[in-house]
Amino acid sequence: MNAPHPLPGVTTPPQHFIGNRWVAPAGGETLPMVDPSDGAVFAQIARGTAADIDRAVKAAQAARDGAWGRTAPVDKGRALARLARAILDHAEELAFLEARDCGKPLKQARADAAACARYFEFYGGACDKFHGETIPYPAGYTVLTWREPHGVTGHIIPWNYPLQIFGRSIGGALAAGNACVVKPAEDACLSLLRVAELAAECGLPEGALNIVTGLGSEAGAALAAHPGIEHISFTGSPATGAGVATEAARRHCPVTLELGGKGPQIVFADADLDAALPVLANAIIQNAGQTCSAGSRLLVEQSRYEEVLSRLGERFAALKVGPAFADLDCGPLIRAGQLARVRDFLAEAERDGVATVAKGSIAADAPSTGYYVEPRLLRDVPSTCRLACQEVFGPVLAAMPFADEADAVRLANSTDFGLVAGVWTGNGARQLRMARAVKSGQVFINNYGAGGGVELPFGGVKSSGYGREKGFEALYGFTALKTVVLQHG
Ligand code: NAD
């Protein structure tokens, strides 16, 4: 199946979306968009510079001080609800764009479009339900707290789930009353330009949502450094996140960092394997393992280790990889460099003597120029091995046995990350002990939620970042608390 042409939302020549208009890049330059399924250039985007970011920030400031700032919460909510509806109405075209851009199977792209809509639906409903408090204080005083928007928020989005992460970050920021400047990833951003266009059609005032495309080192760095940005939400790699936070700290700008993960999936001997196995596989296969919350480490209690490997191995051996529009279990990786990186991890593990239990296969008709790698289940991976403690960002599951609960906790906490963990056990007391002992922003017990759950506060500890998005909790991060102390006698 081929993607529809012309691509919706892709302008010729390529432009940014600023103040509800298509705007030519100040530098006049463009960047090629490569289809990961065949490695061919299929579109161009505008190459943003500091001048474009500045223009977007000014548009957002005008919205903050003007139409969007004055919009009543109930009407903000209605605008976001209209956008949610429009995303659902255009879900198929958005999914096609996302599949083409990211290389993800169409069914995953469809799920991402639905999730994006759900964020705007959720946060649209929250606009007029988020409020401050009164605080008991001595007689003669009234103390109030107000939740005020930061003003202009900057959002740096990665390529792995553009629609989902955009919805998560921008939905919360707009609901809290901010005006947004978005810098999507240079590898995949076409769907977001289309959503911004839909937002304008839905009546979002000029400047409330602005998108500047381009390179991280140019447009991204300019956004992180811009004095008009009053809060930054960054989702991406730990190294880039540290750089963005350092830049923001120079001007005391608050930052939310949603970074990487090395999710442990911990299976005790009393686990219901029939329920666990499909979830364990999907937690690493989804989006070809290019998921921050992927369950990329499998820790299994010794007595059932061989059984789990054998049964899971059958699943891995049956996995098929191919072009996005073939809609198989996995698509290609995002770019040639990422494919080389994953191969490098695998070669190193092989040199270290790590054995492969099973691997999937690449469809015979997948273009040889695409960025494909077979999903793999690896066994007895030493916890010190690079593949066991660093993010591979590919469909590679590293299995290791554990002796007892203490050993499981030690292994689970043995990486620098702490984003999402899964625990499989029927023992209620152990469920809670493990949930407490594992250092992680989220712990799933007898289920695993790689990416799901709009309502669930999400974010990491340690090198996985700080601050929370998703759920109602995100609204605290997207606002500043003001305490008002009134003495009236
Ligand atoms: P990346 O850090 O290279 O890029 C992320 C974004 O940052 C892109 O938009 C990029 O253009 C921009 N960027 C790059 N250099 C920049 C700079 N100097 N200044 C400002 N912006 C810059 O990460 P990536 O490779 O695109 O994404 C993969 C990483 O993201 C993985 O580590 C993954 O775990 C993480 N991730 C985390 C979450 C989460 O919610 N925690 C979600 C998705 C991805």
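Derivation of every value follows stated rules applied to the coordinates shown; laboratory data play no part. Given the structure is predicted, the values throughout are model-derived calculations rather than measurements. In this analysis, Cβ positions are derived from the backbone assuming ideal geometry, glycine residues included, and neighbour counts consider all displayed protein chains.
Taken over the Cα atoms of the stretch 1-152, the convex hull encloses 157 Å³ per residue. Modelled spin labels at residue 482 and residue 413, positioned 7 Å past Cα toward Cβ, are 4.2 nm from each other. Shape summary: the stretch 367-489 maps onto an equivalent ellipsoid whose semi-axes, from the alpha-carbon gyration tensor, are 35, 22, 14 Å in decreasing order. With K and R counted +1 and D and E -1, the other residues having a Cβ less than 14 Å from that of residue 156 yield a net charge of -4.
Model label points for residue 146 and residue 275, set 7 angstrom from Cα along the Cα-to-Cβ axis, are 4.9 nm apart.
Working note: Cα gyration tensor of the stretch 57-114, eigenvalues times five, square-rooted, sorted largest first, giving semi-axes of 31, 15, 7 Å. Within the straight-line cut-off of under 27 Å between alpha carbons, the lysines reachable from residue 320 are 104, 107, 262, 359, sequence neighbours fewer than 8 places apart in one chain being disregarded.
Once Rh is set to the Kirkwood radius over Cα pairs, what Stokes-Einstein translational diffusion coefficient, in µm²/s, holds for the stretch 217-270 at a temperature of 4 °C and a viscosity of 1.567 mPa s? Approximately 104 µm²/s, per Stokes-Einstein. With semi-axes defined as the square roots of five times the eigenvalues of the C-alpha gyration tensor, the equivalent ellipsoid of the stretch 216-366 measures 36, 20, 15 Å, largest first. Put simply, the convex hull of the Cα atoms in the stretch 264-454 casts, on average, a shadow of 10.5 nm².
Return, ordered by residue number, the residues of the stretch 49-89 whose backbone nitrogen is under 17 Å from a label point located 7 Å along Cα→Cβ of residue 251. What the label zone holds, given the 17 Å backbone N cut-off, is 49-65.
With a sphere of radius 11 Å drawn around the Cβ of residue 273, what net charge do the other residues whose Cβ falls strictly inside it have (Lys, Arg +1; Asp, Glu -1)? Spelling it out: positives minus negatives among the neighbours equals -2. Each other residue within a Cβ distance under 11 Å of residue 216 adds +1 if Lys or Arg and -1 if Asp or Glu, for a net charge of -2. In straight-distance terms, cross-link reach from residue 76 covers every one of the lysines whose alpha-carbon lies under 25 Å from its own, apart from those fewer than eight places away in the same chain; here that gives 58, 129, 183, 470, 482.
Using a simple spin-label model with points 7 Å from Cα along the Cα→Cβ vector, what separation in nm is obtained for residue 363 and residue 318? It is 1.8 nm. Take every DSSP beta bridge with both residues inside the chain and express the antiparallel ones as a percent of the total, to the nearest 5. So the antiparallel bridges in the chain amount to around 45 percent.
Stokes-Einstein diffusion of the chain at 20 °C, 1.002 mPa s viscosity, Kirkwood radius from Cα pairs, rounded to a whole number: 93 µm²/s.
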